[in-house]
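What follows is a short report on a single structure.
The values are calculated or read from the model by the stated rules, or taken from the named source; none is laboratory data. These numbers were taken from a predicted model, which means no experiment stands behind them. Backbone-built Cβ (ideal geometry, glycine too); neighbour counts: all protein chains shown. All accessible areas refer to the heavy atoms of the entire protein, side chains included, with ligands and DNA or RNA removed. Shrake-Rupley method; radii C 1.70, N 1.55, O 1.52, S 1.80 Å.
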Amino acid sequence: QVHFVESGGGSVQAGGFVRLFCVVSGSTSDINRIGWYRQAPGMERELVAVINSGGTTNVADSVKGRFSISRGNTQNTVSLEIYSLKPDDTAVYFCHIRTQGVDFWGQGTQVTVSS
């Protein structure tokens, strides 16, 4: 089993900043990918930013330049810094890992951006 603890969401004004943090525990001895997805109301879940096992990152074109992903001091922690927030960034942000070819997501943390 995989357990997620996500934190850092909340209500922020446009132009502001938020940092999301995730700690993953459980069957995490072989994490191939760790990062974040998001799902806005009425929309499908989409990749935001992930870090692959080799250290490379995949970042959605729509957020490049404003979103920064980094791994914590341990391999099972990841944070996402979001700058210059826009109302379109309003969504539930899900921590994600891929391990042994299987994808897992946390329960999500809400980020609401007001104009």
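Computed from label points 7 Å out along Cα-Cβ, the spacing between Ser7 and Ser115 is 3.3 nm. Over the chain, average the accessible area per residue using a 1.4 Å probe and give it in Å², no decimals. Result: 53 Å² per residue.
Within a Cβ distance under 14 Å of Phe21, other residues only, what is the Lys/Arg minus Asp/Glu net charge? Here the count lands on 0. The accessible area of Lys64, taken with all protein chains in place and a 1.4 Å probe, comes to roughly 120 Å².
Heavy-atom surface analysis with a 1.4 Å probe gives the chain a carbon and sulfur content of 46 percent of its accessible area.
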